[in-house]
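Please read the structure below before turning to the comments.
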Amino acid sequence: MNPDPMWCLQALYRRGNGEPVYDGLFEELKGQMKQTQSPDFLFEKDFLFFPMCLPCHWALAVVCNPLALVKKLLGLPSQVGLPETAVGSMAVVKPEPAIIFLDSLGSKGNVWCTALAHLLVQARQATQGELTHGTQLPSWSGNPQHVPRPSVDSPLQTNLYSCGDHLLVATRRVCQDVVRPLFDGKDTVTIQHLEEIIDREWYSADEVNAERRKIKDRVESLRAEEDCSQVTDDPEAKAVQEHRDRNRRLREQVQDCLASFENPNDDSSVVTVQQVVISEYCF
Amino acid sequence: LEASDKDAAAAAAAAAAEEEAGKVVAQYKYRLNDTWCTLSVQVRDLKSLEAGNWLSDTIIQLGVQSILEEVLGEQGLKRVGALDALFSFCLRQVCF
């Protein structure tokens, strides 16, 4: 069946006003926390990497100092930029709270970053016992201006399929250029510093191509390591796999929809459709 | 063949293709906050990767986690977390 494109897009993008979408969110959040055992997992980290699956597109969000970010959003005091803990004799400097959004189609991701900030606030409230299952959560009221973010233009993709490869290179470069220097005590992480190092030339097309080769090699090495003819019987792993399968089918539907827009002889038209979709809903 | 037979044959072929695409070819186990998590790479993930197509969420998750391990090492990994790509579907529900 070829689904109606407009129906698919509307189904994906319909607003949740008045609909019980928050219960689903809470269950997801609980599931994520159950996997990690510690409910404070999100706020014990200095950086959170969040691969974001937009419709037919990947982008990367990196949350710097999530606990301080939530405190800032809630108007609570925080010792940003100062040593907050000590490991052995080494003082640990925390990054300035921010959300970095890296999109190879060039969107700024205002809505996504605000939603992510909102989600972190809710997660914090949940871990602090302020939120229980069935609680009526407030309606969406986030303001993009309130979320601290560097203004960065990361490298752009030049074809229709390499958004995932860009995401992986961006992950590597954030680790190398931002996270590692902070952990090694060689640099701090501030919004200004991020704006200085991330630009359109931050990494090359060769690096993007190399990243796909690396992930292929990684999968091949995993294949060689063990016989996977017996699928795991772990019920949690099965549940995650079923969730992935369900989302994949949904995404394939949308891809079919977008394909119905495109002219097969003109590759640029698909990018245009994606950009239209993203710009309509994300800016 | 009757139309219903053709439909049944097509459905059976589609089911067989789906089963083949869902076969697990590799598993990746990683440690997340003292818990072992497992990612199962299916035939469909691998085909898309090898064909130069869009990367699946399993491959993205595997890639991100591998890079964090490679660049930051065991100690660095304690201060960094990677949220599952599946979570963004949930976020989308909140946004729209």
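The values are calculated or read from the model by the stated rules, or taken from the named source; none is laboratory data. Values in this document were obtained by computation on a predicted structure and should not be read as measured data. Because the Cβ atoms are built from the backbone with ideal geometry, glycine has one as well, and the counts that use them run over all protein chains shown.
Say we look at the stretch B:2-47 and pick out the residues that are of a type in the set (Gly, Ala, Ser) and buried (at least 18 other Cβ atoms within 10 Å of the Cβ); which of these is farthest from the chain's Cα centre (by Cα)? Give the steps one after another, and end with the answer.
Here is the first cut: in the stretch B:2-47, the residues of a type in the set (Gly, Ala, Ser) are B:3-4, B:8-17, B:21-22, B:26, B:40.
Narrowing the set further to residues that are buried (at least 18 other Cβ atoms within 10 Å of the Cβ) leaves B:26, B:40.
Details: B:Ala26: 11, B:Ser40: 7 Å.
Once the filter is applied, the top-ranked residue is B:Ala26.
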- Give the residues of the stretch A:188-223 that are under 20 Å from the mean Cα position of the chain (by Cα) and within 14 Å of chain B (Cβ to nearest Cβ), sorted by residue number. A:Val189, A:Tyr203, A:Val208, A:Glu211, A:Arg212, A:Ile215
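Condition check ((1) part of a loop (DSSP other than H, G, I, E, B); (2) at pLDDT 90 or above) across all residues:
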site	(1), (2)
A:Phe43	no, no
A:Cys53	no, no
A:Val63	no, yes
A:Lys71	no, no
A:Val80	yes, no
A:Ala115	no, no
- Taking strands (runs of 3 or more DSSP E) that fall entirely within chain B, which contain at least 2 residues that are modelled with pLDDT of 90 or more? B:24-32, B:35-42
- Item | the stretch A:151-179, residues that are under 14 Å from A:Phe101 (Cα atoms) and assigned to a loop (DSSP other than H, G, I, E, B) | A:Ser151, A:Val152, A:Asp153, A:Ser154, A:Pro155, A:Leu156
- Query: B:Val71 passes all but one of (1) more than 10 Å from chain A (Cβ to nearest Cβ); (2) more than 21 Å from the chain's Cα centre (by Cα); (3) not charged (D, E, K, R); which number fails?
  - Reply: (1)
- Task: Return the residue satisfying two criteria in turn: it lies in the stretch A:179-213 and is free of Cβ contacts under 8 Å to residues at least 12 places away in the same chain and among the basic types (Lys, Arg), and of such residues it is farthest from A:Ser107 (Cα to Cα).
- Result: A:Lys186
- Filter the stretch B:23-55 for residues that are touching a helix residue (DSSP H, G or I) at 6+ places or on another chain (Cβ under 9 Å), more than 7 Å from chain A (Cβ to nearest Cβ) and not acidic (Asp, Glu) and give the result. B:Lys23, B:Tyr30, B:Arg31, B:Leu39, B:Gln42, B:Val43, B:Arg44, B:Lys47, B:Ser48
- Item | Yes/no for A:Gly88 being at pLDDT below 90, surrounded by fewer than 20 Cβ atoms within 10 Å (Cβ to Cβ) and of a type in the set (Gly, Ala, Ser) | yes
